[in-house]
Amino acid sequence: MSSAQEWIDRGEQVIMKTYGRYPIVPVRGEGCRLWDADGKMYLDFLAGVAVNNLGHCHPRVVRAIQEQAATLIHCSNYYHIPNQIELAELLCNHSFADQAFFCNSGAEANEAAIKLARKYSRETRGENCFEIITAADSFHGRTMATVSATGQEKVQRFFDPLLHGFKHVPFNDIAALRAAVSPLTCAILLEPIQGEGGVKVPSSDYFRAVRHLCDAQGLLLIFDEVQTGLGRTGKLFAHEHFGVTPDIMTLAKALAGGAPIGTMLATAKVATAFSPGTHGSTFGGNPLMTAAALAALHALLDEGLLENANRMGDYLMAELQRLKTRYPVITEVRGIGLMVGMGLTIPAGEIVKRGHERGVLLNVTQDRVLRFVPPLVVTRGEIDEMIAILDMILAEIHSSEVGEE
Ligand SMILES: *Cc1c(COP(=O)(O)O)cnc(C)c1O
């Protein structure tokens with residue numbers, strides 16, 4: 001078998017450079033740990049970017065994939081798919097939603113939401129009702145429609161002309177949102193907590209005001225819970241923290257324990273706008289991926305993981321707050337459950353790099369925010385291990401900065 005460096009050299013030749021990849025080649029995972037091609041072990045506080053909520057290779061997901069793969073991998077949405085129906089029932093029984101559409105990623109789930117919102121609003125409110133308001137610093141995906149919805153110039157750059165009909169307002173600013181609504185507006189699309197935008201938690205009354213605005217103006221409220229959903233914040237869906245329900249919600253990342261799947265859920269009233277032939281996906285909700293998702297969702301609900309996300313999230317945040325009292329480079333610790341961000345006065349990249357050297361996978365968003373999204377199965381001992389390493393790194397950086405002065 002090739003070494004990590006050999007794989008990196010081969011990848012350089014044949015893989016398009018859409019990612020700034022770290023020089024790490026994970027080949028095996030279990031729980032909160034990954035091993036690379038050279039046998040080096042890492043403690044994983046990125047979890048595939050909030051995908052591996054159950055930890056790596058959860059036995060129930062592994063077994064479901066193995067058994068389904070030997071039974072039926074794919075047929076077509078021309079036929080009825082029992083696993084897909086069971087998964088839709090389970091998601092609807094645990095949420096505001098009545099019906100589901102399945103696809104393969106978060107971006108596709110948001111594409112479906114955008115198309116459903118436009119079609120529903122055209123039919124109920126008129127031909128010119130198509131505009132969707134989203135937030136600055138939001139992230140909704142990399143397809144053309146979702147890039148247009150995303151409120152980040154760095155995601156949109158080079159791809160003009162963008163899709164017409166999106167307006168961006170500052171997050172957590174109800175006055176700006178009210179001012180942006182016009183007769184063209186059909187929906188408001190928001191992440192309950194901005195993930196890629198730097199783990200931004202809105203004030204507790206923001207979403208109630210957003211819901212009220214939508215009801216008063218006849219707008220659809222769409223929650224992108226691709227990152228926040230499925231236990232990440234200690235509740236099954238993050239919007240449960242805010243006491244409001246949307247009309248449409250999108251999920252993906254953690255839904256199938258690491259297997260690719262996305263879904264767009266809606267109330268029955270809104271969902272009826274999709275009639276046969278109006279939207280679709282070849283692979284969406286196929287027997288294999290929905291078997292994985294069913295196993296993952298049952299594991300999430302049965303194994304006390306929401307409680308663990310709450311307990312460990314509180315513990316992680318308390319430990320990070322403790323570091324904040326000792327290191328002035330830390331400006332803020334924020335988050336809910338196991339979706340935690342730590343603001344820094346310096347770029348976080350150097351901390352991430354030194355973490356890798358010491359066997360911890362961390363992540364940076366918005367340049368100066370360290371993001372912690374470990375598997376929801378993380379233990380106190382694993383948090384202690386990560387904190388000890390982070391403490392060591394911050395001490396090194398602190399002493400080198402003091403030395404320079
Ligand atoms: C990751 C993410 C997406 C995009 O999901 P893909 O599966 O990469 O298409 C969309 N919205 C949010 C909030 C995300 O975090």
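Structure values in brief
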{"quantity": "Boolean, ILE174 is surrounded by 15 or more Cβ atoms within 10 Å (Cβ to Cβ), touching a residue at least 24 places away in the same chain (Cβ under 8 Å), touching a Leu at 6+ places or on another chain (Cβ under 8 Å) and more than 22 Å from GLU111 (Cβ to Cβ)", "calculated": "yes"}
{"quantity": "Qualifying residue in segment 189-197 (condition: modelled with pLDDT under 95, assigned to a loop (DSSP other than H, G, I, E, B), within 15 Å of the ligand (Cβ to nearest atom) and in contact with a strand residue (DSSP E or B) (Cβ under 6 Å, 6 or more places away or on another chain))", "calculated": "yes"}
{"quantity": "Selection from segment 134-170 of residues that are surrounded by 14 or more Cβ atoms within 10 Å (Cβ to Cβ), more than 21 Å from VAL369 (Cβ to Cβ), within 16 Å of the ligand (Cβ to nearest atom) and hydrophobic (A, V, I, L, M, F, W, C)", "calculated": "MET144, ALA145, VAL147, ALA149, LEU163, PHE166"}
{"quantity": "Residues (outside any loop (DSSP other than H, G, I, E, B) and within 14 Å of the ligand (Cβ to nearest atom)) located in segment 198-240", "calculated": "LYS200, ILE222, PHE223, ASP224, ALA238, HIS239"}
{"quantity": "The lone exception for ILE393 - which of (1) touching a Pro at 6+ places or on another chain (Cβ under 9 Å); (2) assigned to a helix (DSSP H, G or I) it fails", "calculated": "(1)"}
{"quantity": "Residue list for segment 41-69, restricted to those being farther than 30 Å from GLY341 by Cα and either free of Cβ contacts under 8 Å to residues at least 40 places away in the same chain or buried (at least 24 other Cβ atoms within 10 Å of the Cβ) (or both)", "calculated": "VAL62, ALA64, GLN66"}
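A quick yes/no check of all residues on (1) within 13 Å of the ligand (Cβ to nearest atom); (2) closer than 30 Å to ASP391 by Cβ:
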| site | (1), (2) |
| --- | --- |
| ILE261 | yes, no |
| ASN286 | no, no |
| LEU306 | no, yes |
| ASN310 | no, yes |
| LEU316 | no, yes |
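The values are calculated or read from the model by the stated rules, or taken from the named source; none is laboratory data. It should be emphasised that the depicted structure is a prediction, and the values quoted were computed from it without experimental measurement. Positions of Cβ are backbone-derived with ideal geometry, glycine not excepted, and every protein chain shown enters the neighbour counts.
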